[in-house]
Amino acid sequence: MTNNQLNQSRLANLPSHIDIPAYDRSQLKAGIVHIGVGGFHRAHQAMYINELLKTPGSEQWAICGVGLLENNRGLRDILVKQDYLYSLVVRHPNGQIDNKVIGSMIDFIFAPDNKQAVIDKLAHVDTKVVSLTITEGGYNLNPITGDLDVKNPDIIHDIANPNTPITAFGYIAAALKIRKDNNMQAFTVQSCDNIQHNGAVTRKMLLSFTAQQDKELSQWIEQHVAFPNAMVDRITPVTTKADIDYVTQTFGLQDEWPITCESFAQWVIEDNFSDGRPNWDLAGAQFVSDVTPFEKMKIRLLNAGHSVLGLLGSIHGYATIDETVSDKDFAQYLRAFMDLEVTPMLDQLDGIDLNEYKDTLIERFANPNIKDSLARICSESSAKLPKFLVATIHENLAAGNDCSLATLVIATWCLYSDKQVSQARQALDIQDAMHNELTEYAQKTATDKLAFLKLDSLFGDLIEQPAFSQNYSKAIDALYAPSSNIKQIMQNTLEQKHNTVTAETN
Ligand code: CS2
């Protein structure tokens, strides 16, 4: 430990402009156990709880973090040294910065070292909500069939070994079994991932998991556990050395893992809980009876918009979202994609002006103080794109609409996976659980133009839909042509799109 590291006893040394937890942390109880303490959780849910804890009477809603993955060991060590405190640097588009220390986490259990401790904590009577940010891939959802991927080796392991789980579902099932056997109240399982109907999906996955492990438990879960759907939003880039240095200078204390995020935050939650809940609305979240239209709007515009910029921008040679969207060719392409291919597929939302929402998104993406890397955005595209973008393509095709703008993005993903360099020949940093398959299929493109689309767990039957595959072939031809230029291709695609739209409306 450095002798100047952030911890509880040093909070008092911080300059007065830093917002520190102004509540008695020794009085807190962990009513929430959160699995997956990534940057997003620390900028979002843990921040909301930090705000709520300023209201007396909320002491039972602090958070115990859980790390399931071996690579959470370092995070655990840092959090323990820092009394689970960390700094949050909130960067507004106009340059204003809010510096905070977040105190809502009061414990962290690293599952690989002590699986039983995690099960016991989840089963503990104080735990009312088990929340999750396990990433889109963590749900083991086959996006095309909508079912649990029972071929996943970790799922197979957990079905056979209920006492030594690996996956979030395995842990949750083990703890709910203890609750059931002891006639205790069920906790709520609250997903905070970017999946449409994230609560319903979590429920479906958990029930199909437990149906294979313990049928009685499965029935009990069906009757007793609430799975609220929610829309979560806050752009949280990966922490860089510059972020750490900023905190050292500004806070005068060292934080080994600060979080930087944008100033915008949104959380829309269905009010459906099994055993009570925090009054998140007092901290700025919103309770609604049906979150469906909010989630769809956010995932199909923001998350898909990120992927559009991420893939096209990477091929061009850009490194961050703000840099990419500040280029008007990319901003125009993004806006046309949102207006012409996504918006017609969205439901009306009372009180939300979609044009304003899209304007705000572009402003948020352009925030020059948030250096959100395209590598982060494109990471795990195989788990993201089916939910963010491919769904929009299927819906447009079913409605008989052109979707050539989204199609170019899929073709660009093929080029990206095949060549793994930008058109300016910089190597791309690709992280994806399906990296090998993506590369293998993409690399067949030279001899079989549609090869990439044969990854049917990602694309379903797109390959069989001529309205899609013809545009896709054209996009591949353009992208693979000698001295191909992504910006030129985007412009041509946009021009043709406008011609198609004009012809359709005439
Ligand atoms: C991003 C999200 O992972 C991604 O591709 O689109 O992490 C995004 O920044 C958040 O969902 C914002 O709420």
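The values are calculated or read from the model by the stated rules, or taken from the named source; none is laboratory data. Keep in mind that this is a model prediction, so the values were computed, not measured. Neighbour counts are summed over all protein chains in view; Cβ atoms, including those assigned to glycine, are modelled from backbone coordinates with ideal geometry.
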key: Flag if Glu216 is among the charged types (D, E, K, R) and either in contact with a Leu (Cβ under 7 Å, 6 or more places away or on another chain) or assigned by TED's automatic domain parsing to the domain that holds Arg364 (or both)   = no
query = For segment 405-432, how many residues are out of contact with any Lys or Arg (no Cβ under 9 Å at 6 or more places or on another chain), among the small types (Gly, Ala, Ser) and either at pLDDT 95 or above or not assigned by TED's automatic domain parsing to the domain that holds Leu340 (or both)?
reply = 4
task = Please work out if Leu385 is within 13 Å of the ligand (Cβ to nearest atom) and in the same structural domain as Thr324 (by TED's automatic domain parsing).
result = yes
ask   = Restricting attention to segment 388-404, does a residue exist that is outside any loop (DSSP other than H, G, I, E, B), closer than 19 Å to Ala478 by Cα and not assigned by TED's automatic domain parsing to the domain that holds Leu148?
value = yes
inquiry  = Only one of Gln223, Gln212 is in a helix (DSSP H, G or I), away from the ligand (no atom under 16 Å from the Cβ), polar (S, T, N, Q) and surrounded by 15 or more Cβ atoms within 10 Å (Cβ to Cβ). Can you tell me which?
reply    = Gln212
message = Being surrounded by fewer than 22 Cβ atoms within 10 Å (Cβ to Cβ), more than 27 Å from Val189 (Cα to Cα) and within 26 Å of the chain's Cα centre (by Cα) narrows it down to one residue among Gly36, Gly74, Gly95; which is it?
response = Gly95
message = Here is a list: Ala230, Ala283, Ala265, Ala242. Which entry is assigned by TED's automatic domain parsing to the domain that holds Ile49 and loosely packed, with under 15 Cβ neighbours inside 10 Å?
response = Ala242
ask   = In segment 437-454, is there at least one residue being in contact with an Asp or Glu (Cβ under 9 Å, 6 or more places away or on another chain), in the same structural domain as Gly310 (by TED's automatic domain parsing) and surrounded by fewer than 12 Cβ atoms within 10 Å (Cβ to Cβ)?
value = yes
request  = Mind listing whichever residues of segment 1-28 are among the small types (Gly, Ala, Ser) and either touching a Gly at 6+ places or on another chain (Cβ under 6 Å) or not in a loop (DSSP other than H, G, I, E, B) (or both)?
outcome  = Ser9, Ala12, Ser26
query = For segment 20-60, which residues satisfy the criterion of being closer than 26 Å to Ala168 by Cα and either without any contact (Cβ under 8 Å) to a residue 24 or more places away in the chain or among the polar types (S, T, N, Q) (or both)?
reply = Gln45, Asn50, Gln60
inquiry  = If I ask for residues that are part of a loop (DSSP other than H, G, I, E, B) and either surrounded by fewer than 20 Cβ atoms within 10 Å (Cβ to Cβ) or more than 16 Å from the ligand (Cβ to nearest atom) (or both), which ones from segment 286-307 would you list?
reply    = Ser289, Asp290
ask   = Yes or no: Ser417 closer than 24 Å to Gly146 by Cα, within 22 Å of the chain's Cα centre (by Cα) and part of a helix (DSSP H, G or I)?
value = no
query = For segment 354-381, how many residues are more than 12 Å from the ligand (Cβ to nearest atom) and within 28 Å of Gln496 (Cα to Cα)?
reply = 10
query = Is at least one residue of segment 241-251 more than 16 Å from the ligand (Cβ to nearest atom), in a loop (DSSP other than H, G, I, E, B) and either at pLDDT 95 or above or within 20 Å of Gly351 (Cα to Cα) (or both)?
reply = no
key: Count of segment 255-281 residues which are within 16 Å of the ligand (Cβ to nearest atom) and more than 30 Å from Arg10 (Cα to Cα)   = 4
inquiry  = Give me the residue from segment 308-325 that is assigned to a helix (DSSP H, G or I) and of a type in the set (Gly, Ala, Ser) and, out of that set, nearest to the ligand (Cβ to nearest atom).
reply    = Gly310
note = When segment 226-239 is checked residue by residue, the ones that are more than 16 Å from the ligand (Cβ to nearest atom) and within 21 Å of the chain's Cα centre (by Cα) are Phe227, Pro228
query = What's the number of the condition Phe264 fails, among (1) in a helix (DSSP H, G or I); (2) at pLDDT 95 or above?
reply = (1)
